[in-house]
Amino acid sequence: MDRRDFLKILGITSGTMMVSSCGVDKASEKIIPYVIPPDEDVYPGNPLFLNTTCTECPANCGMQVEINEKVYHDVRSLYPTKLEGIEGHPLNEGTLCMRGQAGLFRLYSPDRIQRTMMRHDQGNFRVATWKEALTRIEEGLNRAKQDGKKNAYFSGRTTGSLSELIDRFCRNKDIERLPEFEVFSYANIKRANEMVFRRPQIPKYHIEKADFLLTIGADIFETHISPVSHSWRFARARKNENFSWYHVEPNLSLTGVQATRRLSLRPRSEMVLLTFLLQTVLEQNERKNNPGITIVRSLPNYPLDEVSSLTGISETDLRSLATSFGNAKKPLVIAGGVSTAHQLGLEVAVLTSLLQWIMAMTDELVDFSQAESYESIGTFKDVESLNEQLDQNTMGVLFISRMDPVSMLPAVFKFSRQIKKAQLTVGLSDHMNDTVRECDVILPLSHSLESWGDSQPCRGLTNVIQPAIDPQYDTRSEGDILLQLLNNESTYKNFLFEKWNKNYGDAGTKEMLKTGYRSDPVPKVMVSFNTLAVSSFVRHMEKPNFNYGVVLCLSPSIRSYDGRSRDLKLMQEIPDPLSTISYGGWISISPLTAEYFRLKDRDEVELTAQEFSLKLPVKVQKHLSDNVVMVQRDLIPVPLTAVDHRSGEASWYVPNISLQKTGVVLPVPILSGSMEENHRGILPPDDDHGHRHDDEEHPRWYPEHEHKDYRWGMAIDLESCIGCNACTAACYVENNIPLVGLKEHLNGREMSWIRIQPYYDANDNFEFVPMMCQQCDNAPCEPVCPVYASYHNPEGLNVQVYNRCVGTRYCSNNCPYKVRRFNWFDHRLVEPLDKMYNPAISVRGRGIMEKCTFCIQRIRAAKDHAKDENRLVQDGEIIPACAQTCPTEAITFGNMKDTESRVYQLAQSERAYHALEELGTEPAVNYLGKRGNNHEA
Amino acid sequence: MKKGIAPAIIILYIFSFMVFVSLIGYFWQQNRKTPKQPINFSHQLHVSRVGLACTHCHYSVEKSPAAGIPPVQTCMNCHQAVATDRPEIKKLTQYWEEKIPIPWKRVYVLPVRNYVYFSHKRHIKGGLQCVNCHGNVEVMPVIKQVPELEMGWCVSCHRVKNAPVDCATCHK
C-alpha cells in the first residue's frame, strides 16, 4: 500500500467511527413525577422535618430528621438527608454527638441485613420468608416445651413500650427475660447507690448548677451515660466565672484534657484520694449530714505524704484540690468510667456516694428523681450464669436482640460456641455481626428511622420514635415481630397509639408526635442514707495493693462507643481527637515508656499479657502515666478481665503486661502534623496585650471590600470546644463530603472541611482548635486562581465555584491554614449510602477544589425565606451545620454588620483574636482564647 | 487519474463529512429540545382549549425551587372519565393502574445541573411570567425548549433586571 492510500483509509475509517457514534441514542434525562403525591404540603426542594429519637447509643437523645425529596434510581421519594438535635429537648438541647450525626450511615449502610435468613441442615444460610422464619420459631418454642427446656430473651437496653411488649411476649411463651446486657453497665455505681441510698439507680448529674466539679475517671463527654447532656451542662456551668473542674484519672481521656486541672492518678488508688477528700472536707466544712460523719471518722487516716505517694499526685495538687473543693458552694463529684471498673471500683463508687451525701449534693445536683433508666440492665455475673445455663444444655430457644455478645464479651468466653448449645438461636439485628452469624434464624430489624416506637431514657421523659422513611428492605421492627409471634393481628404502630391515647389522650399524643418527646413531672425523691450498710462496708474495705506492673487500660472510644458504632463508615474517617489516628488500631504509651523501649510513633510493639498477645502500632501520648498503656476496647479482641462478684462489674484493666518492640514500622494515618504550636499564632498569643493588633495596618494590594447588608462572620470559643468532633461529622453529612479511605489518609488527603486540631499550649495543656476556611477578607487564595473560580462575594464569603475550577491547586498552595481540600479522585459514596446526599449542594467530581462555605446553602435558604417576607435575615436564623450540632455552643455564626448580633458581640471580646494574625489575611473567623491564667497554682 | 482529482475528492469528502455531522448535530439538538415523550401530551390542547392554568399541574412553582411535574393522580382526576377511548389516554390509564410513574423526558435541562441552583419561586416572586422564559407554551402541541439555557442568557437578564449577579447565587 502506498502512503496516499493509507491516509485515505485512515480518514474514512475515523470519519465513519465518528459518524457512527453520533447515531447512539444518548439517554436523555428523565423527569419522574409522583404517582400519588404525599399528603401534606410537600414541595420538591423544601425539606420536611420530623422529630424522633437517636438510637445510636443508650443515651437516646431527641433527634430531628431533615427529609428531602429527590429522585433516586428513577424513583421520586422522600429521603432523610440530615440529622440534628431537637431544640429544647431536655437531654440534648438541639445538639447531637458525632455518632448521632453519622446515624444515616447506619440507615443506608450497604451491610444491612436485607432479608430473613435461616440455617438449613447443611449449616449454611438460605434466604427465607418471614412466614417460614416465624413458623420455625414457633416450632422451636413448642419443641422446647416438650423437651422441658428453658427459653431466654437476651437483649440490649430496652425501655418504654418495647420493654413492656417483650415482657408480655416472654410471659405468654414461657420465656425467661434475661437482664439486658450492656458493656457499659455501670454495675458498681448502681450497686453503690443501692448500698448507700437504697436506690440501685444512676442519678442525673446537674453539672450546670455546680460551681466545682470533680470527676473521677468518668468520661462525661465521650460515653458516660449521656455525653451530649453532660457537654451542654458543662458549657452552661462554665459561664460562671468561678467554675472550676478537677479531673482525676489513671489513663488519658478527651474529657480529662478539658478540665481546669487534670491529675494523673495511679490505677486503683482512687479510694485513697476519696478517703483523703472525705476527711479534709469534714474538717473544713460546717455542713455535715450526721450519720455520715461517724463513718468518715472510721476511715483509715492517711497523712498527706502517704496519700501523695499512694496516688501519685503531688502534695501541692492535693492541697489545692482540697481547698477548691472545700471552698465551693455547690460542689459535684462524679465517679465512673475507668475509675469504677476495677477490683476496687465498688469502693470508689461507695465513697463517692458517701461524699455526695455528706456535701448535700443529693439535694439538688445528684438527682434521683430523674434517674437514668438502667435498672433492668444486668452485669457480667448475669452473663456468667447464662453461660452456665448453656453449658448444662438446658437452653431451648435463645433470642438475641440488638446486641453482639460474641464480640463484646471476652474472647475466652467463646460465646460463639456457647450459643450453639441452645436448641434454636434467633438473632435480631440490622447488621450482620459476629453473633448473628452464629444464629439459626436471622430476623432483620428495621432501623429506628424506619420504625415506630418509644423509649424512656430517664424518669419522666418519653421519647417518640417515628419513621422518616419506609423500610428499604424486607425488614420489620422488633415490636411487629413480637406481635406476630403472639399471633396478634394488630401492628406495633396500633399497639403504641392505643397505649399513648390511653395514657396521654388524643391531644397529648398529637403534641408528643409533633415535638418528639414528652416530659412528665416526677415526684421529688428524697434519698435516705443507709448508715448500717455503709459503715459495715467501710469497715471491711481493704487497702489497695499496687502490684500490677504495667497495666493495660481498655478505654471507651468517643467514635465507636463500646464498639457498636464501628459499623458507621464515617467514624473511621474522622480521627480520634486525642491521637488523631483515623483508620486502624494503636496503643497509647507515655513518652517515658517510649524512650525506655526506644519506640516512636508507628513502631510496632508486641503486647503480652497472661492469656493473650497482640501486635499494635504505638502512639506516644504526652500526659499519660508511665505505667499505664491504653488501647480503645473495640480495637482488639476483648481480653478476659477480673469480675468483681459483689456487683458484677468487669474490670477494664489487664495487669502485668509486657511490651516488646518488634522492629516493624507500620503505616498509621496520624493526621495531625505537629501538636506543638510553637507560637505560630494558631493558639492565642500569650503575651500581655495578647489580643488583636488592630493598630497595625497591613498594606493592602486591593481596595477594601464593601458589604451591603450582610457580612458573615463566625466566633469560636476555644474555652467551650471539647474536641468531640460532632461538628466534623455534621459537616460531612451536610455537605456531601467524600470519604476517602485509608490509602488517601496515609497520603494526608482527608477531605474534612472542618477539623479539630489538637495542640499543646504554653502550659503544655491540650487545646482543641476547630479549623475551617477562615473566609479571609484578604484571602491569599483568591488572586491566584487562573480561572477566577475562587472569589470574594459581596457578603464577605470566599466562594468556590465548583464547576469553574480546573484543578490548578494554586489556591491550596497559598492557603496558610491549609483548609482547602482537593478531590484527587472520584470518591462517590457506595450505594445505597448515596441516598443521603444533600440535594441542596453539589457532589464534587475529581479535579475540583472544595472547602468550607459557611454552609452557603443554609444562608441561601434563609435569605430566600426572608425575602419572601420582605425583610433581612435576623440573627439566629442561619445556623451552619457545625454550629447547630455543637453541644457546648462553641461556634457562633451571624452577620457582623448587625451590631446586635451575638457573633459581633463575641468578636468585640478581649479574648478574641484571629488565627495567624500577622499574615494579614483578616479572617472572618474570630477565635476566643481561653481566659488568661485558667490554671490554679 | 487526472491530476488534481485526488485532492478534490478528499476535500469533497471532508466537506460532506462536516455537513453530515452538523446535520446530525442539528437534529440531535432538536430531538433533545423536543424529545419524544412516552405519552403525546399536548400543552396546546390543555392550555388553550381546556383552559388549565400553568400552576394547576406545575404546582410548586410559587412555593419551591422546582416547578413540579404533575403526579399521575392529577391527570387521572379528569381522565378517569374524560376521553378514555383515546389511545394516549389508554397509555395513561395503564401507567396509573400499574402504579408506575410516567417517565417523562426532561426538556428543560440545566447544563451541569449538579452544580447549579435555580429557584422558580424566586423568579415568580420577582415578577416574571412563565412565558418569559418558557415561550408560548399554549401554542405548542409538543413541548420544546425555547431558550438556550446558557449562563450568558441568565446573566444578561439578571443584569437588566438588577438581580444578583454574584456567583454564589446560583452555583452551589
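Worth pointing out:
- Computing FRET efficiency as 1/(1 + (r/R0)^6) for A:S658 and B:E150, where r is the C-beta to C-beta distance and R0 is 60 Å, gives about 0.25.
- Theoretical ellipticity at 222 nm over chain A - DSSP helices of four or more residues, -39500 (n - 2.57) apiece, nearest 500: -8000 deg cm²/dmol
- Region A:769-894, Rg to Rh (Cα coordinates; Rh as Kirkwood inverse mean 1/r): 0.98
- On full extension, the segment bounded by A:D111 and A:L513 gains 141.7 nm, given 0.36 nm per residue less the C-alpha separation.
- Over region A:157-255, the Kirkwood radius and the radius of gyration, each from Cα atoms, give a ratio Rg/Rh of 1.10.
- Ranking A:V333, A:M772, A:V740 by how far each Cα lies toward the positive end of the dipole of chain A (charges on Cβ) leaves A:V740 at the top.
- For region A:48-96, size of Cβ-based charge dipole, Lys and Arg +1, Asp and Glu -1, in debye: 140 debye
- Compactness of region A:551-665 was expressed as the Cα radius of gyration divided by 2.2 N^0.38 Å, which yields 1.07.
- Quarter of Cα convex hull surface for region A:711-932, i.e. mean projection, nm²: 13.2 nm²
- Region A:814-888: C-alpha pair distances exceeding 18 Å, %: 59 percent
- Extending 7 Å from Cα along the Cβ direction at B:E97 and again at A:E900 yields two label points whose distance is 6.3 nm.
- Across chain A, the longest run free of exposed loop sites, meaning GluC sites (Glu not before Pro) lying outside DSSP classes H, G, I, E and B with no more than 10 other Cβ atoms within 10 Å, spans A:287-488.
- Reach of B:K121 by Cα under 12 Å, taken over aspartates and glutamates that are not fewer than 8 positions away in the same chain: A:D864, A:D868, B:E62
- Pair-distance profile P(r), taking every C-alpha pair of chain B, with 5 angstrom steps and integer %: 1, 6, 11, 16, 15, 13, 10, 8, 6, 4, 3, 3, 2, 1, 0
- In units of the rule-of-thumb radius 2.2 N^0.38 Å, region A:434-553 shows an alpha carbon radius of gyration of 1.70.
- Distance distribution note for region A:328-398: the fraction of Cα pairs above 14 angstrom is 73%.
- Loop-located trypsin sites (Lys or Arg not before Pro) in region A:240-310 (DSSP state other than H, G, I, E, B) with a sparse environment of at most 15 neighbouring Cβ atoms within 10 Å: A:R287, A:K288.
- Region A:556-619: radius of gyration and largest Cα-Cα distance (Dmax), Å: 13.3, 37
- Applying both filters, DSSP loop and at most 13 other Cβ atoms within 10 Å, to the GluC sites (Glu not before Pro) of region B:138-172 gives B:E148, B:E150.
- Ranked order, A:K8, A:K82 - accessible area, probe 1.4 Å, largest first: A:K8, A:K82
- Distance histogram for region A:375-495 (every C-alpha pair counted, 10 angstrom bins, percent rounded to whole numbers): 12, 35, 34, 18, 1
- Between B and A, accessible area buried - total, square angstrom, nearest 100, 1.4 angstrom probe: 3900 Å²
- Net charge dipole size for region A:369-484 [Lys, Arg +1 and Asp, Glu -1 on Cβ; Debye, nearest 20]: 320 debye
- For A:Y710, residues with placed amide H under 5 Å, excluding near neighbours: none
- Positive dipole terminus of region A:551-665, leading residue within A:I589, A:G648, A:I574 (C-beta point charges): A:I574
- Stokes-Einstein D (µm²/s) once Rh is taken as the Kirkwood radius of region A:48-96 over alpha-carbon pairs, at 25 °C in 0.890 mPa s: 213 µm²/s
- In the assembled protein chains, A:V383 presents an accessible area of approximately 0 Å² (probe radius 1.4 Å).
- Computed over protein heavy atoms with a 1.4 Å probe, the carbon and sulfur contribution to the accessible area of chain A reaches 49%.
- Spin-label model distance (nm) - B:N136 vs A:L7, 7 Å beyond Cα toward Cβ: 5.3 nm
- Full extension of the chain between A:V75 and A:E606 gives 185.9 nm of extra length, using 0.36 nm per residue less the Cα-Cα distance.
- The value of relative contact order for chain A, using C-alpha pairs under 8 Å at least six residues apart, is 14 percent.
- For the protein assembly as shown, the Stokes-Einstein estimate of translational diffusion at 10 °C and a viscosity of 1.306 mPa s comes to 48 µm²/s, using the Kirkwood hydrodynamic radius over alpha-carbon pairs.
- When only alpha carbons are used to place a centre, region A:225-255 and region A:504-581 end up 14 Å from one another.
- Solvent-accessible area assigned to carbon and sulfur over region B:83-172 amounts to 59 percent, based on a 1.4 Å probe.
- In summary, the lysines within cross-link reach of A:K514, defined as a Cα separation below 19 angstrom excluding same-chain residues under 8 places away, comprise A:K82, A:K493, A:K499, A:K502.
- Within the assembled protein chains, the solvent-accessible surface assigned to A:K420 is about 110 Å², based on a 1.4 Å probe.
- Given their separation in residues at 0.36 nm each and the Cα-Cα distance between them, A:T135 and A:Q392 gain 89.9 nm when the chain is fully extended.
- Taking label positions 7 Å along the Cα-Cβ direction at both B:S22 and B:S48, the computed distance is 3.3 nm, reported to one decimal.
- Remark on region A:187-372: hydrodynamic radius 16.2 angstrom, per the Kirkwood mean of 1/r across alpha carbon pairs.
- Placing unit charges on the Cβ atoms only, positive for Lys and Arg and negative for Asp and Glu, gives chain A a dipole magnitude near 1900 debye about its Cα centre.
- The mean accessible area for residues of region A:745-808, using a 1.4 Å probe and ignoring ligands and nucleic acids, is 30 Å² per residue.
- Working from Cα pairs under 8 Å separated by at least six residues, relative contact order for region A:197-240 is 45 percent.
- The base-10 log of I(q)/I(0) for region B:68-127, evaluated at q = 0.13, 0.19, 0.24, 0.26 Å⁻¹, reads -0.54, -0.81, -0.97, -1.07 [Debye formula, identical scatterers on Cα atoms, solvent excluded].
- Farthest positive-ward along the protein assembly as shown dipole, Cα basis, beta-carbon charges - from B:V82, A:F537, A:L659: B:V82
The values are calculated or read from the model by the stated rules, or taken from the named source; none is laboratory data. Computed from a prediction, not measured in an experiment: that's the story for all the values here. Backbone-built Cβ (ideal geometry, glycine too); neighbour counts: all protein chains shown. When the accessible area is computed, the model is the full protein with side chains, heavy atoms only, and any ligands, DNA or RNA have been set aside. Shrake-Rupley method; radii C 1.70, N 1.55, O 1.52, S 1.80 Å.
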